[in-house]
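The values are calculated or read from the model by the stated rules, or taken from the named source; none is laboratory data. Bear in mind the structure is a predicted one, so any value in this text is a computation, not a measurement. Quick reminder, even Gly has a Cβ in these numbers, built from the backbone with ideal geometry, and neighbours come from all protein chains shown. With ligands, DNA and RNA removed, areas are computed over all heavy atoms of the protein, side chains included. Shrake-Rupley method; radii C 1.70, N 1.55, O 1.52, S 1.80 Å.
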Amino acid sequence: MKAVVIREHGGVEKLLFEDAPRPECEPGGAVVRVKACALNHLDLWVRNGLTKRAFPFPLIPGCDVAGVVEEVGAGVDAWKPGAEVVIAPGLSCGSCAHCKAGDDNLCPSYAILGAWANGGCAEYVSVPAANLFLKPGRLSFEEAAAVPLVFLTAWQMLVTRARVRPDEDVLVHAAGSGVSSAAVQIAKLHGARVFVTAGSKEKIQKAKELGADEGVNYRTHDFTEEIMRLTDKRGVDVVVDHVGGEVFSKSLACLVKGGRIVTCGATSGYDISFNAALVFYKCVSVLGSTMGRRAHYFDILEHVEAGRLEPVVGRVLALEEVRRAHELLESREIFGKIVLRVSSP
């Protein structure tokens, strides 16, 4: 099969489009013929390297996959060849206490497709059958591939960790990203008023089309001052952050007493310094979040099928254009997800 393969860290030239062995179908698993694979910031980390985390090279990247079941392994009765599916990218042991409690994202051996196991930037991918979910019929394969990681991450952040409630105020940073475009919709779905930050008026407008109530251009305004102005000096109840760095510390000043800041990453840097008094005096909760329960997909995909949540596709490219796709992702020029269309044989 044709696949994107990474053999060592580096620039986009390390993304090799070449022949690779077609994966075998394991007992309890399935082989999926990939139709589309969406990119995430995780793909940049896999290519560039992460401190203290090693990746099993050579590796086929890509964790957000939509496709058609090609083959099922022994013991799989729920799926048949020809089924159109999306793949949950989180891989877990299925037998530890966390997995049995439904918290599979807390599994000690938790891994993500395309980072610690061969992913979907290929014509075929092999996954456990438990990771298959029926593709919403109203979506194209490209749209469906834009759902799994970002909607699961945003759902876990807002619903499970921050426990967002109706009539609360939520601030979502970097509105043009996949996670943030999902977070805006999920916050509105749960009855919140939503504020966003973005680097252009065009991105703010697109966020408003998804349901955001107000937006702040962080390139031209201090977002802390603007949020306090927009909320009549009250502040917000919840901050959704995956930027880190100075954004995290400034976000604490935007929170009401008893507010919550939930983070799933730090694209601008892991080292954060902040005034601790803002945490203990205001009784602020700092919440970490990684991926989410696989079971959340039942709720997420139900809302997607009903049109209450919409995947946002910013650009579609061919699989062999993966280097250009990475460049666009790094440039932060695109609002929403960048999706690779896979031309299967």
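What the table below lists for this structure:
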{"read-out": "Filter result (open to solvent by 30 Å² or more (accessible area, probe 1.4 Å), under 17 Å from the mean Cα position of the chain (by Cα) and under 23 Å from Ala183 (Cβ atoms)) within the range 114-152", "value": "Glu142, Glu143"}
{"read-out": "Residues located in the range 138-178, provided they are on the phi > 0 side of the Ramachandran plot and either acidic (Asp, Glu) or modelled with pLDDT under 95 (or both)", "value": "Asp167, Ala174"}
{"read-out": "Subset tally (residues that are open to solvent by less than 90 Å² (accessible area, probe 1.4 Å), within 25 Å of Gly178 (Cβ to Cβ) and outside any strand (DSSP E or B)) for the range 213-229", "value": "5"}
{"read-out": "Residue pairs meeting the criteria (Cβ under 8 Å; at least 6 apart or on separate chains; first under 12 Å from Tyr281 (Cβ atoms), in the range 245-257; second of a type in the set (S, T, N, Q) and surrounded by fewer than 22 Cβ atoms within 10 Å (Cβ to Cβ))", "value": "Leu252/Asn275; Ala253/Thr224"}
{"read-out": "Conditions (1) assigned to a strand (DSSP E or B); (2) open to solvent by less than 40 Å² (accessible area, probe 1.4 Å); (3) farther than 17 Å from Glu310 by Cβ: number failed by Val196", "value": "(3)"}
{"read-out": "The range 39-70: number of residues that are farther than 15 Å from Leu340 by Cα and of a type in the set (D, E, K, R)", "value": "4"}
{"read-out": "Odd one out for Leu50 among (1) touching a strand residue (DSSP E or B) at 6+ places or on another chain (Cβ under 9 Å); (2) open to solvent by 10 Å² or more (accessible area, probe 1.4 Å); (3) not small (Gly, Ala, Ser)", "value": "(1)"}
{"read-out": "Yes/no for Gly137 being over 21 Å from Phe195 (Cα atoms) and outside any helix (DSSP H, G or I)", "value": "yes"}
{"read-out": "Selection count, the range 76-108, where residues are at pLDDT 95 or above, touching a strand residue (DSSP E or B) at 6+ places or on another chain (Cβ under 9 Å) and not aliphatic (A, V, I, L, M)", "value": "11"}
{"read-out": "Unmet criterion (only one of (1) in a strand (DSSP E or B); (2) out of contact with any Cys (no Cβ under 9 Å at 6 or more places or on another chain); (3) crowded, with 18+ Cβ neighbours inside 10 Å) for Gly67", "value": "(2)"}
{"read-out": "Test set (1) in a helix (DSSP H, G or I); (2) modelled with pLDDT of 95 or more; (3) in contact with a helix residue (DSSP H, G or I) (Cβ under 9 Å, 6 or more places away or on another chain) - Leu329 fails condition number", "value": "(2)"}
{"read-out": "Count of the range 81-129 residues which are among the aliphatic types (A, V, I, L, M) and under 15 Å from Gly292 (Cα atoms)", "value": "8"}
{"read-out": "Residue within the range 270-277 that is touching a residue at least 12 places away in the same chain (Cβ under 8 Å), over 30 Å from Asp104 (Cα atoms) and surrounded by 19 or more Cβ atoms within 10 Å (Cβ to Cβ) present", "value": "no"}
